[in-house]
1. Within the range 105-139, restricting attention to residues that are without any contact (Cβ under 8 Å) to a residue 24 or more places away in the chain and in a helix (DSSP H, G or I), which residue is surrounded by the fewest Cβ atoms within 10 Å (Cβ to Cβ)?
2. Provide a single number: the residues in the range 142-159 that are open to solvent by 40 Å² or more (accessible area, probe 1.4 Å) and touching a residue at least 40 places away in the same chain (Cβ under 8 Å).
3. In the range 140-163, what residues are assigned to a loop (DSSP other than H, G, I, E, B), of a type in the set (S, T, N, Q) and farther than 17 Å from residue 118 by Cβ?
4. Just to be sure, is residue 57 modelled with pLDDT of 95 or more and more than 26 Å from the chain's Cα centre (by Cα)?
Amino acid sequence: MRSGFREMWVSRTLRERVLVGALIAVVGAALYVWLVQSAERARAKLRTDVIELRRQAARLEQQAAEMVRLRAATPAVVSQTEVLVLARNQAAASGISRTLLRLDAPENNRVVTAFGSVPFEDWLSWVSTLQAQHVHVEAARIEAQSQPGLVSATATLTRVQAQ
């Protein structure tokens, strides 16, 4: 193969050899310029990616530090008050006890409640306060009233037992 290429090269005139050599040089230079530009674009993209990754790493480190701090914090004191008493007291504290139609305790850690026309935000706040005491909504039925913002709500609340 090498001898075939040599024979072909020798059989060409000087002008053809110069022209082929110039063509090879131009193609080589264009290829070099294309490779350099491609590498520069990739380098610029990698530079922005590294900056973003550093931001993400800093954010993750902050979140990890916050997680360690929260795990080290003392847990909130959970009231051991009976769920019925706790639900009644929180309803009174939230100002929605006047709309409380029913409050029954079929079991020690379960309460069934029924509210008449209660502001939905107040009811949600009451539930949220109970959740802080590990009393969660097991089932609920909420119906909108004709007046905007008011609902009738029936809920079964259960205290989550400590593991």
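1. From the range 105-139, those without any contact (Cβ under 8 Å) to a residue 24 or more places away in the chain are 105-107, 124, 128, 131, 137, 139; that's our starting set.
Restricting the remaining residues to those that are in a helix (DSSP H, G or I) gives 124, 128, 131.
On the way: 124: 14, 128: 11, 131: 13.
Across the range 105-139, the extreme among qualifying residues is 128.
2. Of the residues in that region, 1 qualify.
3. From the range 140-163, those assigned to a loop (DSSP other than H, G, I, E, B) are 145-149, 160-163; that's our starting set.
Still in the running and of a type in the set (S, T, N, Q): 145-147, 161, 163.
Passing the criteria: 161, 163.
4. Numbers: modelled with pLDDT of 95 or more: yes; more than 26 Å from the chain's Cα centre (by Cα): no.
So residue 57 does not fit the description; no.
Residue-wise test of (1) of a type in the set (A, V, I, L, M, F, W, C); (2) modelled with pLDDT of 90 or more; (3) open to solvent by less than 70 Å² (accessible area, probe 1.4 Å).
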residue: 4; (1), (2), (3): no, no, yes
residue: 8; (1), (2), (3): yes, no, no
residue: 18; (1), (2), (3): yes, yes, no
residue: 33; (1), (2), (3): yes, yes, no
residue: 43; (1), (2), (3): no, yes, no
residue: 49; (1), (2), (3): no, yes, yes
residue: 69; (1), (2), (3): no, no, no
residue: 82; (1), (2), (3): no, no, no
residue: 85; (1), (2), (3): yes, no, yes
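The values are calculated or read from the model by the stated rules, or taken from the named source; none is laboratory data. Only a predicted model underlies this, so the values are computations on that prediction, with no experimental measurement involved. When we count neighbours, we look across all protein chains shown, and the Cβ atoms used for this are built from the backbone with ideal geometry, even at glycine. What goes into the accessible areas is simple: the full protein's heavy atoms, side chains included, and nothing from ligands, DNA or RNA. Shrake-Rupley method; radii C 1.70, N 1.55, O 1.52, S 1.80 Å.
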